[in-house]
Amino acid sequence: MKSVIAEDLVKTYDKGNVKALDHLSLDVEEGTVLSVLGPNGAGKTTTVRILSTLLRPDSGRATVAGIDVIKDPDKVREVIGLSGQYAAVDEILTGYDNLVMFGRLYHLGKKQAVVRANELLERFSLTEAAKRPIKTYSGGMRRRLDLAASLIVKPKVLFLDEPTTGLDPRGRQEMWGVIQELVKGGVTLLLTTQYLEEADQLADEIAVIDNGKVIARGTSDVLKKQVGGERLEVVVESQHVAKTLEIVEKISGHSASLDEGLRLIASPVSTGSAALFEVLKALDAAGIHALDVGLKRPSLDDVFLALTGHVAEEKKAEEEKTSKRVKEKK
Amino acid sequence: MSAFQDTMVITQRQLRLLTRVPEVLLFSTIQPIMFVLLFRYVFGGSIDTGQPGGYVQLLMPGIFVQTVAFTLAGTASGLAEDMKKGLIDRFRSLPISQSALVVGRTLGDSLLNIVVLFAMGITGWLVGWRPSGGAFNVFLGFAFLLGFGYALSWIGAFVGLSAKDFRVVQNVSFLVTFPLTFLSNAFAPTTGMPRPLQYFAEWNPVSTMVAACRELFGLENQFGATAGSFPSENPLITSLIYMVLIMAVFVPLSVRKYRKAAG
């Protein structure tokens, strides 16, 4: 059974000038994780806001747990959990206060709300910080508390909008651990992200969106095949280029490319760090000193390049320019 | 029933915020107390009211009304901040009554008013304010003040939920409330103002509220504008009409805004 169905969603802003969603359709099988992957401004947040009843689409249909999002938003709110990009908890209140308050708003009794708050604090390793105001929390702790608040009554469908954006690597790892636990518990999850790696780690299926449309769908393996695996890159002095090219091709088993200006030799590899080690050993044996060496994982940009032929970065750069301009105005 | 419960939870949140940041309560009380003392001793000496008890009798209702009028700014900036932090989104994704958040917030802000008015009343008493309208009328006067503050709080709710930037909200609210409280009979007679301003002052809800409180606190309103007009003759009923009108317009507007708040 499909827990989430979105059909032909259209949403425009600014009197139709900005098309946020352009006939977007997707669905999530019950008990699975769908990751909506796309760059900033692709329509990820708009999709989540419509499915979680915060925004009405201009046209299209959507159901969550079989309930019509547009006709019956009150019923939808009873079965969903939402945790957004910005940690939406009261900063002045303590973690405990927040969870008890939200528990009461989910119509738990006073005692139940307290019990549930303590359970969730324990589960998300926040017991120690429970009595501290949220504003003293780290970014990762805030996100965990925010997530906890969306799990007070076990939701049938959980929406996580960019749960790790802005977190440091450690915070991201922690958050992934927490989400993986949830997934094991069998929740139906729709997760948006800008990071291919995150989608890879957490999702059963990935929907890549761009300009308000789903442009590709599939498991991460399927998408990765479209993109290619890891690439090994070596930079050497110019007199060693030819020999290095030979070594890299031998070890990777693929033809290698050469950027003469940068003296950069690159080749796809399937064995990852083992290949890297082999190459370094072989270079060393040949008396060649590598100036730079590394493994490059396929990034969202690579996915985009492979799927759309244009680079996601362009969009980001454009947005950065705009946000800079806005800042300057202020 | 659950709508009522939801609202109470939000109001409790308001009160808890006060216990977590006692400075808010402290400063929202200190400012009006400071006004009482400043006006009492700076202007009190030079304005002759020709009435027993002096300027402070006329001043207190004025400062009470001014203080509750600032509820508008409080509600507005509180909600604007909730918007900015994404809290409104969270509340809107919960299975709670669509009016709970705004009703709870406005009620919480009114409860704060009770504390502030109490502290001001005590201060006033200490510097010579003696209401003489009888216990019931004095009580009614305070009920009027709370009602007025509550009505204005709904304008604040609308402003706060409509705001694009929460820093603007505080400025806008003060820009509106400050002249409103001074273009009135609150602190000085309106008869010295230019004619058009006099008419404005006369119909200004702040003036009718101040006049109503003066009446209930047992003194004649000598700062009234052009005598013989409906608002200055019937300040109680006019104030009541204003409150009902404000609520009739801004309660539905604010609730609608909340439902559609796009963050």
Q: Count neighbours as other Cβ atoms within 10 Å of each site's Cβ, and list the GluC sites (Glu not before Pro) in segment A:237-275 that are DSSP loop with at most 12 such neighbours.
A: A:GLU237, A:GLU260
Q. Taking 0.36 nm per intervening residue step and subtracting the Cα-Cα distance, what contour gain separates A:ALA274 from A:SER25 on full extension?
A. 85.5 nm
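Return a whole-number percent for the relative contact order of chain A, with Cα pairs under 8 Å and 6 or more residues apart as the contact set.
Answer for chain A is 19 percent.
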Q. Points 7 angstrom from Cα along the Cβ direction at A:ARG56 and A:TYR195: gap in nanometres?
A. 3.8 nm
**Q.** Coarse-grained scattering of segment A:230-296 at q = 0.15, 0.19, 0.22 Å⁻¹, given as base-10 log I(q)/I(0) from a Debye sum over alpha-carbon atoms
**A.** -0.35, -0.59, -0.81
Q. How about segment B:183-263: which GluC sites (Glu not before Pro) there lie in a loop by DSSP and see at most 14 other Cβ atoms within 10 Å?
A. B:GLU220
Q: Place +1 on the Cβ of every Lys and Arg and -1 on the Cβ of every Asp and Glu in chain A, take the dipole about the Cα centre, and give the residue among A:ASN118, A:GLY287, A:ILE209 whose Cα lies farthest towards its positive end.
A: A:ASN118
Q.
Apply the a/c threshold of 1.5 to the C-alpha gyration tensor of chain A and tell me whether it is rounded, prolate or oblate.
A. prolate
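What is segment A:230-296's relative contact order, in percent, from Cα pairs under 8 angstrom and six or more apart in sequence?
Numbers: 111 pairs, mean separation 32.5, N = 67.
Across segment A:230-296, relative contact order equals 49 percent.
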Q: Pick out, in residue order, every one of the trypsin sites (Lys or Arg not before Pro) in segment A:201-267 that is DSSP loop and has at most 15 other C-beta atoms within 10 Å; say none if there are none.
A: none
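With only Lys, Arg, Asp and Glu charged, each at its Cβ (+1 for the first two, -1 for the last two), find how big the charge dipole of chain A is about the Cα centre; round to the nearest 20 debye. Write down the numbers at each step before the final one.
Values: 46 positive and 49 negative charges, 284 e Å.
Its charge dipole is roughly 1360 debye.
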Q: Calculate the tail of P(r) for segment B:103-253: the fraction of all Cα-Cα distances greater than 27 Å, expressed in %.
A: 26 percent
Q: Please find the FRET efficiency linking B:TYR41 to B:PHE4, where r is the Cβ-Cβ separation and R0 is fixed at 56 Å, and quote it to the nearest 0.05.
A: 0.75
Q. Do the sum for the protein assembly as shown: with -39,500 (n - 2.57) for every DSSP H run of n ≥ 4, divided by all residues, what is the mean residue ellipticity at 222 nm, to the nearest 500 deg cm²/dmol?
A. -18000 deg cm²/dmol
Q: In whole Hz, with x marking every Gly and Pro, tabulate ³J(HN,Hα) for segment A:199-205 from phi via Karplus 6.51 cos²θ - 1.76 cosθ + 1.60, θ = phi - 60°.
A: 4, 4, 5, 10, 9, 7, 9
Q) How many percent of Cα pairs in the protein assembly as shown exceed 44 Å? A) 38 percent
Q) Where nothing but the Cβ of Lys and Arg (+1) and of Asp and Glu (-1) is charged, how large is the charge dipole of segment A:230-296 around its Cα centre, in debye to the nearest 20? A) 100 debye
Q.
Over chain A, with a Gaussian network built from C-alpha contacts below 10 Å, which listed residue (A:GLY41, A:GLY60, A:GLY261) shows the highest mean-square fluctuation?
A. A:GLY261
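So how many Å³ per residue does the convex hull of the Cα atoms of chain B work out to?
131 Å³
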Q) Rule-of-thumb check for segment B:1-139: C-alpha Rg over 2.2 N^0.38 Å? A) 1.30
Q: Please report, in debye to the nearest 20, how large the charge dipole of the protein assembly as shown is about its Cα centre when each Lys and Arg carries +1 at its beta carbon and each Asp and Glu carries -1 there.
A: 1520 debye
Q: Quote the Stokes-Einstein diffusion coefficient, in whole µm² s⁻¹, for segment A:186-226, based on the Kirkwood radius over alpha carbon pairs, a temperature of 25 °C and a viscosity of 0.890 mPa s.
A: 228 µm²/s
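Read-outs throughout are calculated quantities, based only on the coordinates presented, and are distinct from any laboratory measurement. A quick note: this is a predicted structure, and the numbers were derived from the prediction, not measured. Neighbour counts run over all protein chains shown; Cβ positions are idealised from the backbone, glycine included.
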